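Taking it in order: structure first as structure tokens, then the write-up.
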Amino acid sequence: MTQISTRIELPNPLDPEETMSRDQIESIQLTRLQDTLAYAYDRVPLYKEKYDAAGVHPTDLKELSDLAKFPFTEKEDLRKTYPFGMFAVPQHEVARIHASSGTTGRATVVGYTQTDLDDWAKLGARCLRLSGVKPGWKVHNAYGYGLFTGGLGAHAAAERLGTTVIPMSGGQTEKQITLIQDFEPDAILCTPTYLLTIGDAMQRQGIDPRKTSLKTAVLGAEPWTEEMRHELEVMFDLDACDIYGLSEVMGPGVAGESNETKDGSHIWEDHFRPEIVDAFDETQVLRDGEHGELVFTSLTKQALPIIRYRTHDLTRLLPGTAREGHRRMGRITGRSDDMIILRGVNLFPSQIEELALKVPGLSPHFQLEITRPGRMDQLAVRIERREDCTSDRAEAAAKELAKLIKIHVGSSCEIDVMDPGTLARSSGKLRRIYDLRNK
């Protein structure tokens, strides 16, 4: 008697655009770019003013490379039009407003229509799924809620994926630990330095982070290195994956990393067109594989279309792997506006992190202090030793780190190895650089 198979084929959980070829993606990009440029020109006075001044018109975009003819958008443009001058829709169509903290000037204000919010949740869910988060899991969200896009953006993404969201927000580390122990989440969403803070606090309480329920961490909002990934994966016995986004472009979910390949975040290019420009000569658009500043153009945003936005994040574009039609971002090596120029040498905090974690006995907790006691700038690296590192070993570790910085960065510096728990801990985004030259 012939048996009839009862196996049920589950539908492909991926969005159709995730599996498109490179040619299909670029065809969509061209159409959407043409529509977006015309939409922004007609609806946002600043774009019309800038394009008219530059002598370009949306109809000048005939192929993707023509995007280079159009002016950049800078954070200062959003500040200059504060609060709502960059919005392309009337207020009654704006479903939500977010804003940056404005600690270095006026806040940058961003808005979303309901369609924008739906797209944001969809793209965030793509990122979480790509990183190994599964429907039905419990997800502990330790990104900050409020005007910052991280908390609510990650929350909507996790809900769209079909998970149970624990909306803890940032800070209150002791409470974070209690909820992780009591609620037993499968995944955690936060910054890499804050996950490190949680792990350190657990160990101080005698809790082994490797024994928690956490299987996956989706980490973003600050640059981090492969060495930090290794540190966190060993500390918690989980998979740690990157997620990328910034408020002006959308928020978390612009790009996400696969837990299978862990080779950089795939940019969802059906919704964003990335470019890499020379950080010191923005007229030069670089080829894939070359390092420079990441620039984004939105392709579907309604409330706040963003054209050639300079992120100041330094990276490169690489061919897609886990999602072949969508290019990947390499690790962000730093921000052009966070770069320290020390006696003519360019230096980023991520370089120090990478080198410090190669030295046994030194922890990932460090700060950089720049002073000018005389005519020359001086850099001091304040870094904590690990608990099992003796004073003698700490002295040798300091010499080793100074040597590595001199070899790989090309600058001399003072290394001050401190006791565990001395330096400030992250409760969200961590401040690494203290410029005391004008103090």
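The values are calculated or read from the model by the stated rules, or taken from the named source; none is laboratory data. Keep in mind it's a predicted model, so treat the numbers as computed, not measured. FYI the Cβ positions are ideal-geometry reconstructions off the backbone, even for glycines, and counts take in every protein chain you see. These accessible areas exclude ligands, DNA and RNA; they are computed on the full protein's heavy atoms, side chains included. Shrake-Rupley method; radii C 1.70, N 1.55, O 1.52, S 1.80 Å.
Structure summary
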item	result
For residue 309, residues with placed amide H under 5 Å, excluding near neighbours	73, 296, 297
Under the Karplus curve 6.51 cos²θ - 1.76 cosθ + 1.60, θ = phi - 60°, whole-Hz ³J(HN,Hα) for segment 395-408, x wherever Gly or Pro sits	5, 5, 5, 4, 5, 5, 5, 4, 5, 5, 5, 5, 6, 8
Packing-based ranking, highest mean first, of 396-407, 129-140, 207-218 given that Cβ atoms within 10 Å are counted	129-140, 207-218, 396-407
Nonlocal amide H pairs with residue 342, under 5 Å, H built at 1.01 Å	347
Within segment 189-300: Cβ-based charge dipole about Cα centre, in debye rounded to nearest 20 (Lys, Arg +1; Asp, Glu -1)	680
Helix-only [θ]222 nm of the chain, DSSP H runs n ≥ 4, -39500 (n - 2.57) each, per residue, nearest 500	-9500 deg cm²/dmol
Per residue accessible area of segment 207-297, 1.4 Å probe, in Å²	34
By average C-beta atoms within 10 angstrom, highest first, the peptides 25-34, 117-126	117-126, 25-34
Rounded percent of accessible protein surface that carbon and sulfur make up, segment 257-320, 1.4 Å probe	43
Per-residue HN-Hα couplings for segment 221-232 [Karplus 6.51, -1.76, 1.60; θ = phi - 60°; Hz; x = Gly/Pro]	6, 7, x, 8, 9, 4, 5, 5, 4, 4, 4, 6
Separation of the residue 74 and residue 208 label points, Cα + 7 Å toward Cβ, nm	5.4
Neighbour-limited loop hits for GluC sites (Glu not before Pro), segment 47-77 (at most 16 other Cβ within 10 Å; DSSP other than H, G, I, E, B)	63, 74
HN-Hα J in Hz across segment 251-264 - Karplus 6.51, -1.76, 1.60, θ = phi - 60°, x for Gly and Pro	x, x, x, 5, 8, x, 10, 7, 6, 8, 9, 6, 10, x
Placed amide H near residue 170: partners under 5 Å, 5+ positions off or other chain	144, 145
GluC sites (Glu not before Pro) within segment 281-337: DSSP coil, no more than 15 neighbouring Cβ in 10 Å	290, 324
Taking all pairs of distinct alpha-carbon atoms in the chain, Kirkwood radius in angstrom	23.2
